[in-house]
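Visitor: Could you have a look at this structure, given as structure tokens, before my questions?
Read-outs: derived from the displayed coordinates by stated rules, not from any lab. Nothing here was measured: the structure is a model prediction, and the numbers come from that model. In this analysis, Cβ positions are derived from the backbone assuming ideal geometry, glycine residues included, and neighbour counts consider all displayed protein chains.
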Amino acid sequence: MSLREFANKRPVLTAVLCAGFQFALTVAILKTGMALAPASFGKVKMVAFASTILLPLLLTHLFGMRREVRLGFSNLKPSPFYLACLVPVLMFASMGVHAREGSSVGDDLVMQLFNAFGEELLFRGVIFVILLSLPQWQAILINGVLFGSMHLIHGFMDGNWANAFVWAFMSTGAGLMFTAARYRANSLWLLVLLHMIVNLASMYSNVEHLAGPAVNTMVQHAVKVVEYGLGLYVMVASLLRRPLAHAS
């Protein structure tokens, strides 16, 4: 039985295994680096970061999904729903943006591009295609939860599990929204761009600087309401037998 046949017969298990393997690989690299090369941990983190790009590329090849993940540039026209997913960006940027201390805009752009590419190729590429045989609401839910669960890595690394679970819950909202948007996108690059812009808007947001931590927390929570809301909208529409047509 080929990997693709296994995925077709057991899509949920395959999706969990793909996400779990990436999670385990990243943790293993970081833990090994902490134990064997603590003085060079910055380089170890770059190796772990590289794995989040290389493994999804490898999985794309092993599952034979090069066309299905939609890495082409032939259709980059955003849908109305996709544009609605930019609302969090407007919320973060509602009071303008500011430069981050100790970093350059160029470095941040490159880092977030590669970060978004790796995560989107795995979740809205490989795992999305694997879960296409499921009802749309189930696929969105599983994809979003798996994406959020990846952020439990912070608990493994620093032992602060309370913060890690909060991070996972918050990230699940983004995962639901990104997956819902993927059903309306003809190119994975649109999701990479969306993911990248949302991350950069959060990083460069001027809300906390101008209005203080309390207002910034309110904005962060409001963003999560929007992300969960957009994801749940598509899920409920699917349950009511009014699914948004996917582009795959």
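Visitor: Taking the chain as a Gaussian network, Cα atoms linked when under 10 Å apart, which of Ser74, Ser187, Ser202 shows the biggest mean-square fluctuation?
Guide: Ranking Ser74, Ser187, Ser202 by mean-square fluctuation puts Ser74 first.
Visitor: Also, quick follow-up: I'd like to compare 96-102, 29-35, 81-87: which one has the highest average count of other Cβ atoms within 10 Å, and what's the full order after that?
Guide: 81-87, 29-35, 96-102
Visitor: Oh, and also: Over the chain, with a Gaussian network built from C-alpha contacts below 10 Å, which listed residue (Leu25, Leu131, Leu58) shows the highest mean-square fluctuation?
Guide: Per the Cα network of the chain with a 10 Å cutoff, Leu58 tops the list.
Visitor: Is there a quick way to get the dipole size of region 1-146? I mean about its Cα centre, with the Cβ of Lys and Arg at +1 and of Asp and Glu at -1; what is the value in debye to the nearest 20? Could you put the intermediate results ahead of the total?
Guide: Numbers: 12 positive and 7 negative charges, 78 e Å.
About 380 debye.
Visitor: Distance from the Cα centre of region 106-131 to that of region 1-23, in angstrom?
Guide: 19
Visitor: What distance in nm separates the simple spin-label points at Arg66 and Ile53, each placed 7 Å from Cα in the Cβ direction?
Guide: It is 1.9 nm.
Visitor: Next question. Are there any helices in the chain, counted as whole DSSP H runs, that stretch 27 Å or more along their axis by Cα and score at least -1.0 on average by Kyte-Doolittle, and if so which? Working shown, then result.
Guide: Working: long enough: 11-36 (37 Å, 1.66); 41-62 (31 Å, 1.44); 161-182 (30 Å, 0.83); 213-239 (38 Å, 0.96).
Helices meeting the criterion: 11-36, 41-62, 161-182, 213-239.
Visitor: Report the relative contact order of the chain, percent, no decimals, based on alpha-carbon pairs under 8 angstrom and at least 6 residues apart. Mind showing how you got there, number by number?
Guide: Details: 322 pairs, mean separation 67.6, N = 248.
The normalised contact order for the chain reaches 27 percent.
Visitor: Specify the residue with the greatest mean-square fluctuation among Met150, Met177, Met46, computed from a Gaussian network of the chain linking alpha-carbon atoms under 10 Å apart.
Guide: Sorting by GNM fluctuation, first place goes to Met46.
Visitor: Within straight cross-link reach of Lys43, meaning Cα distance under 22 Å, which lysines are found once same-chain residues fewer than 8 apart are removed?
Guide: Leaving aside lysines fewer than 8 places away in the same chain, those within reach of Lys43 are Lys31.
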